[in-house]
Amino acid sequence: MWSRISKLSPLQILLIFVVVAFLIRFPFFFRDYVDHDESTFILMGQALFDGYLPYTKYWDLKPPMVFYFFAGIIAVFGKSMIAIRAAGSLVVALTAFYSYKLSRAYLDKIASFFVGLLTIYLLSLFGAMQGVMSEHLAALPLVVGMFYLTKKHTTKNLILAGFLFGLAINFRLNLAYAIFFVNAFVCLHAGLNKAGIKKGVFLSIGSILAVIFSLLPYILTDQLALIKTSVIDASIAYSAASKQTLKTLPLILVVALLCGLAYKFIRPKENRFNFYLLLSMLFGQAIMFLISGKVNGHYLIQVFPFLLIIFVGLISKIPFPKKFNKIAPKLIIALFILLPMESYLEIATVVDSKKKYDRLYNGEGYNTAHYLMEHYGTELPKNSFYLNEHIGYWILNTMPPTAITMHPSNLVRETTFEHVENIQKDPLSELKYILEVKKPNFIVVDEDRNQLRGDSIVFDYYKNSLEKYFTLEKEFTPDKSVKIYKRKSIAVQ
């Protein structure tokens, strides 16, 4: 096994990673949503494809490059969830491949191969990893940028690395903290001299070019102020409102522990630039998590490739007995076969959906949308209000009723309202506008995960409005938590 891996060409390794990524992620190509953020990205991408720049008619606080990606997939392949998830799988495979290439600056070929393979698994399993998250999109240019920094620091390589870092920031704004520390390290490594400053300038030029590229539509249409209010100010307000610094400490301690072990056991005796470069990236990301005060599972996507280099490097230093080395290949193969248990379970879900609904696409986003179209045609359901499962808008060929409801949770984030144009002054006023002016024909909600419960006043108004204007139409899921409410004025079909 080891000799076969050592003989693999880069192209063969890339193909292996592509196949593994697609095999693990393929069962999730048919699920309605994995994370609400992904559904919002799809809707924002669709709006962009339809001619609306992000933050104009429809709104979310992520940087615009995220929406460009989804709009690009829709432009090429049409409204295809399979195409979106397949593109995500390719992004994961490429990230794994460049994680392998980056690892070669630190580890031997076999260890680096497993860094790449584990990258696929950690970016595809355990939580909300099976969809296409902004962290997936940011991780690829981040890893490739680090790869070019381990090469000779020519002007071309430095500007390219900076450009890739700039792209990463345009997918995940908080990566600016990590990239700042990397840039500072490159400048200061050999002392604060002309050569170091020159490297920092070239890195910065690349990053600025990427930012200009991302913001070009706003520059050309004189709407650059939208970026400050919608992306920067709104992100700062969101971070401040949801900060839980203590919950970030376990992750920071793990990062610190692994870095400490790496310093003791795998620090090279000579040419330590690449080693300290890796530590500067991890230190920067630790500071990033500390400042943001929040760690969701999918946030780890952007740190996993770098932690895996240290983790695999430490494992490779363990002096295993010869008997273990003989059975290690079989154990490793068994482990990699058993790890994607979520994928196997999802296959059962796809099969069950095919039997029950005669379609592979599954989840309440599909079920509710198809129910509405089957019973009320294609027009009436277009005026619907999804408090959960909001990928249903996309399936119904419609959009949310207001700009801020592109993500259901935005409706109860009061700090967000001052950063969005053309909406009401607060959550209660916005909900009143939706229910009394926009007058949706249907409301779709998962009562167990109703976003409005976060604001008691808003939730009370919602419950009273349901009783006054709506009637229960249909319940879904075994526990009947997902419900469709129909406006009373609509005739029963």
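Read-outs: derived from the displayed coordinates by stated rules, not from any lab. Worth saying up front: this structure is predicted, and the values here are computed from it rather than measured. Every residue, glycine as well, gets a Cβ built from its backbone with ideal geometry; the counts of neighbours run over all protein chains shown.
Debye sum, Cα scatterers, the stretch 297-450, no solvent: what log₁₀ I/I(0) at q = 0.15, 0.21 1/Å? Rounded to two decimals, the profile gives -0.93, -1.30.
Would you mind working out the magnitude of the charge dipole of the chain relative to its Cα centre, with +1 at each Lys and Arg C-beta and -1 at each Asp and Glu C-beta, to the nearest 20 Debye?
On the way: 51 positive and 34 negative charges, 488 e Å.
Magnitude of the dipole: close to 2340 debye.
Computed from phi, the 3J(HN,Hα) profile of the stretch 364-379 under the Karplus parametrisation 6.51, -1.76, 1.60 (θ = phi - 60°) reads 6, x, 6, 4, 5, 5, 5, 4, 4, 5, 5, 9, 10, x, 9, 8 Hz, with x in place of Gly and Pro. Treating r as the C-beta distance of His375 and Phe126 and R0 as 51 Å, the FRET efficiency rounds to 0.85. In degrees between 0 and 90, to the nearest 10, how far off the longest principal axis of the chain does helix 322-338 point, with axes built from Cα atoms? That helix lies at roughly 20 degrees to the long axis.
Sum up the charges of everything whose Cβ sits under 12 Å from the Cβ of Phe147, counting Lys and Arg as +1 and Asp and Glu as -1, but leave Phe147 out.
Values: positive: Lys101, Arg104, Lys151; negative: none.
Within the 12 Å Cβ shell, the charges total +3.
The angle between the Cα long axis of helix 194-220 and the longest principal axis of the Cα atoms of the chain comes to about 20 degrees, rounded to the nearest 10.
Which one, Thr349, Tyr361, Phe320, is farthest towards the positive end of the dipole of the stretch 318-426 when Lys and Arg carry +1 and Asp and Glu -1 on their Cβ? With unit charges placed on the Cβ atoms, the residue in question is Phe320. For Tyr386, the residues whose modelled amide H falls within less than 5 Å of its own, excluding neighbours fewer than 5 places apart on the same chain, are Val444.
Rounded to the nearest 5, what % of DSSP beta bridges with both residues in the chain are antiparallel? It would help to have the intermediate numbers written out before the result.
Numbers: 11 of 15 bridges.
If we restrict to bridges inside the chain, about 75 percent are antiparallel.
Which label belongs to the value computed from this structure, given these candidates for Cα Rg over 2.2 N^0.38 Å: [x] 2.14; [y] 1.05; [z] 1.34? Checking each listed value against the structure points to [y].
Can you compute the helix-only [θ] at 222 nm over the chain? Use -39500 (n - 2.57) per DSSP H run of at least 4 residues, normalise by all residues, nearest 500 deg cm²/dmol. Please list the in-between numbers first.
Details: 20 runs with 294 residues, N = 493.
Only helices count here, giving -19500 deg cm²/dmol.
If only the Cβ of Lys and Arg carry +1 and only the Cβ of Asp and Glu carry -1, the dipole of the stretch 160-316 around its Cα centre is close to 440 debye. Of the trypsin sites (Lys or Arg not before Pro) in the stretch 125-229, the ones in a loop by DSSP (not H, G, I, E or B) with at most 15 other beta carbons within 10 Å are Lys151, Lys152.
Other residues within the sphere of radius under 15 Å centred on the Cβ of Tyr238, judged by their own Cβ, net out at +1 (K and R +1, D and E -1). Each Lys and Arg Cβ is given +1 and each Asp and Glu Cβ -1; about its Cα centre, the stretch 363-487 then shows a dipole of about 300 debye.
Run the reach check for Lys243 against aspartates and glutamates, Cα to Cα strictly under 17 Å, same-chain hits fewer than 8 apart removed. What comes back? Counting by Cα, and skipping residues close in sequence, Lys243 has these aspartates and glutamates nearby: Asp233, Glu414.
Each residue, Leu345 and Asp50, gets one label point 7 Å from its Cα in the Cβ direction; the gap between the two is 3.5 nm. Ranked for footprinting exposure by Cβ neighbours inside 10 Å, fewest first, Trp59, Trp394 give Trp394, Trp59.
In what order do Thr119, Thr150 fall by count of nearby beta-carbon atoms within 10 Å, going from fewest to most? Intermediate values should be presented prior to the final figure.
Details: Thr119 29, Thr150 19.
In increasing order of surrounding Cβ atoms, one gets Thr150, Thr119.
Spin-label pair Ala328-Lys7: with each label point 7 Å from Cα along the Cα-Cβ axis, the two points sit 2.0 nm from one another. When only Cα pairs below 8 angstrom with a gap of at least 6 residues are kept, the chain shows a relative contact order of 17 percent. Pop the C-beta distance of Glu414 and Asp460 into the FRET formula with R0 = 25 Å and round what comes out to the nearest 0.05. About 0.95, to the nearest 0.05.
Report the Cα centroid-to-centroid distance between the stretch 380-400 and the stretch 229-271 in angstrom, as an integer. About 37 Å separates the Cα centre of the stretch 380-400 from the one of the stretch 229-271. Close amide-amide hydrogen proximity is noted between Phe470 and Lys488, each under 5 Å apart and 5 or more residues distant or on a separate chain (H modeled in the peptide plane; Pro and chain starts excluded).
Taking 0.36 nm per residue of separation and subtracting the Cα-Cα distance, full extension of the segment from Lys57 to Ser242 would add 64.0 nm. Rounded to the nearest 0.05, the FRET efficiency derived from the C-beta distance between Val254 and Lys488 at R0 = 51 Å is 0.40. For the stretch 468-483, 3J(HN,Hα) computed residue by residue from phi via the Karplus equation (6.51, -1.76, 1.60; θ = phi - 60°) reads 7, 10, 10, 10, 5, 9, 7, 10, 10, 6, x, 8, 6, 7, 7, 10 Hz, glycine and proline entered as x.
Within a Cβ distance under 15 Å of Val312, other residues only, what is the Lys/Arg minus Asp/Glu net charge? Numbers along the way, then the final one.
Working: positive: Lys101, Arg104, Lys109, Lys317; negative: Asp108.
Around Val312, the surrounding residues sum to +3.
Reducing the stretch 49-107 and the stretch 305-347 to their Cα centroids gives an inter-centroid distance of 29 Å. Taking the longest Cα principal axis of the chain as reference, the axis of helix 64-77 is set at about 80 degrees. Once backbone amide H atoms are built at 1.01 Å from N, Asn362 has Arg31, Asp32 as its partners under 5 Å, excluding neighbours fewer than 5 places away on the same chain. Spacing of the modelled spin labels on Tyr263 and Lys79, each 7 Å from Cα toward Cβ, amounts to 5.5 nm. Available extension along the chain between Ile291 and Val437 is 48.5 nm, counting 0.36 nm per residue and deducting the alpha carbon span. What ranking do Cys259, Cys187 get, fewest neighbouring Cβ atoms within 10 angstrom at the top? Going from sparsest to densest Cβ surroundings: Cys259, Cys187.
Kindly identify the stretch 233-293 as rounded, prolate or oblate by the Cα gyration tensor criterion: order the square roots of the eigenvalues as a ≥ b ≥ c, call it rounded if a/c is under 1.5, otherwise compare a/b with b/c, prolate if a/b is larger, else oblate. Oblate, since a/c reaches 1.5 and b/c is not below a/b. Separation of the alpha carbons by more than 21 angstrom is noted, of Lys356/Lys486; Lys269/Lys317; Lys57/Lys382; Lys199/Lys264, for Lys356/Lys486; Lys199/Lys264. Contact order, relative form, for the stretch 235-325: 46 percent (alpha carbon pairs under 8 Å, 6 or more residues apart, mean separation divided by residue count).
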